[in-house]
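The values are calculated or read from the model by the stated rules, or taken from the named source; none is laboratory data. All of these numbers come straight from a predicted model, not from anything done at the bench. Note: ideal-geometry Cβ built from the backbone for every residue, glycine included; neighbour counts use all protein chains shown. Protein only, heavy atoms only, side chains kept; ligands, DNA and RNA dropped before computing areas. Shrake-Rupley method; radii C 1.70, N 1.55, O 1.52, S 1.80 Å.
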Amino acid sequence: MSTKIIKVLWTGRLNYNSGLKLQKILSDRHHQKLKDENCNTLILIEHNPVFTVGIRDKIYTIEEEERLKNLGAEFFRTNRGGLITFHGPGQLVAYPILNLKQFKNGIKWYVCQIENMIIRLCAKYGIKGEKSSDTGIWINDKKICAIGIHGCRYITTHGLALNCNTDLSWFNHIVPCGIEGKGVTSISQELNRNVTIQDVLPLFQNVFQDQFECTLIEYSVEESSQLLKLVNNSIC
C-alpha cells in the first residue's frame with residue numbers, strides 16, 4: 001500500500017457555486033505548492049438541484065437555460081468535459097483535487113481509475129456496472145454514474161456523480177450527457193430499496209483508497225470550518 005495521503009472532506013449539502021469555489025481554493029493551493037502532497041483532497045458533497053453543462057455548451061441557449069431554471073433548479077456553465085447533467089439530493093458527488101504527477105501523469109489513466117472504482121463499488125451491491133464508448137458507468141443502457149473532469153497543469157477538478165437515491169425524474173427534462181436513447185438509474189432503483197448517500201459513503205471511501213492506492217484521512221472539524229468560511233467569503 002502506498003503512503004500517499006489524500007484528505008477527505010464531507011461537506012454535506014452545499015449549493016453548486018459553493019462547490020465550485022471550494023474546488024478553486026483547493027486547486028489554487030496545489031498550483032502554489034506543487035510538491036506538497038497534502039494538498040490532495042477528495043471532496044464529497046451533495047448538491048441542491050442544479051443542471052450543469054461542460055465546455056461543449058453552445059447548444060444550450062439562454063431560453064433553454066431559463067426553461068430549466070423554471071423547474072426550480074440552478075443552471076451553471078462549467079469548464080469540465082461532457083455535456084449536460086443534473087446534480088441534486090440523493091446523489092453523491094465527488095471532486096478529487098489531485099496532483100496527477102504524484103500518481104500517474106495521464107488524464108486517460110485517471111478517468112479509467114474512476115470508472116474501475118465505481119464498477120468495484122457497484123459490485124459491492126451486487127450490481128454489474130460496465131464501461132461503454134460513452135464516458136461513465138452503465139447498467140445496461142442506463143447511466144448510474146456520470147464523469148466529467150478538468151485538468152490544468154496536472155491538477156484535477158470536477159469529478160463524478162453517483163446516483164444513490166436521487167429523484168431521477170429531474171433527468172426527464174434533459175438529454176443526460178447529450179446521449180440520445182439512453183437513460184439513468186440509481187443504486188436504489190437497481191436494488192428496489194432505499195440506499196442513501198450515508199449508506200454509500202463508507203464503501204465509496206474504501207474502494208477509492210484501494211483503487212488509488214492511498215490513505216484517506218478526514219479533515220479536522222477546525223480545518224473544515226476554516227475552508228467553508230473561505231468559501232463563504234470568496235468572490236471567485
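Before moving on, here are some points about what is shown:
- Single unsatisfied condition, Tyr110 versus (1) open to solvent by 30 Å² or more (accessible area, probe 1.4 Å); (2) at pLDDT below 95; (3) touching a helix residue (DSSP H, G or I) at 6+ places or on another chain (Cβ under 7 Å); (4) not in a strand (DSSP E or B): (1)
- Extreme residue, nearest to Ile147 (Cα to Cα), among residues of segment 112-134 that are under 15 Å from the mean Cα position of the chain (by Cα) and of a type outside the set (Val, Ile, Thr): Glu115
- Yes/no for Phe103 being crowded, with 18+ Cβ neighbours inside 10 Å and in contact (Cβ under 8 Å) with a residue 40 or more places away in the chain: yes
- Contact map, segment 184-211: residues that are at negative phi paired with residues that are of a type in the set (Ser, Thr, Tyr) and part of a helix (DSSP H, G or I), Cβ distance under 6 Å, separation 6+ or inter-chain. Pairs shown: Asn194/Ser188; Val195/Ser188.
- Residue match in segment 70-90 (condition: in a helix (DSSP H, G or I) and either more than 16 Å from Gln211 (Cα to Cα) or of a type in the set (Phe, Trp, Tyr) (or both)): no
- Taken together, Val184, Val195 contain a single residue that is farther than 30 Å from Cys39 by Cβ and under 17 Å from the mean Cα position of the chain (by Cα), which is Val184.
- Apart from one condition, His173 fits all of (1) touching a helix residue (DSSP H, G or I) at 6+ places or on another chain (Cβ under 8 Å); (2) closer than 24 Å to Leu9 by Cα; the exception is (2).
- Of all the criteria given as (1) over 18 Å from Lys24 (Cα atoms); (2) touching a Gly at 6+ places or on another chain (Cβ under 7 Å); (3) at pLDDT below 95, the one not satisfied by Pro49 is (3).
- Hits in segment 22-45 - residues which are crowded, with 20+ Cβ neighbours inside 10 Å and either in contact with a strand residue (DSSP E or B) (Cβ under 6 Å, 6 or more places away or on another chain) or modelled with pLDDT of 90 or more (or both): Leu22, Gln23, Leu26, Ser27, His30, Asn40, Thr41, Leu42, Ile43, Leu44, Ile45
- Where a residue in segment 20-47 is more than 16 Å from Tyr154 (Cβ to Cβ) and its partner, wherever it lies, is modelled with pLDDT under 90 and crowded, with 16+ Cβ neighbours inside 10 Å, with Cβ under 6 Å and at least six apart: Lys21/Val231; Leu22/Val231
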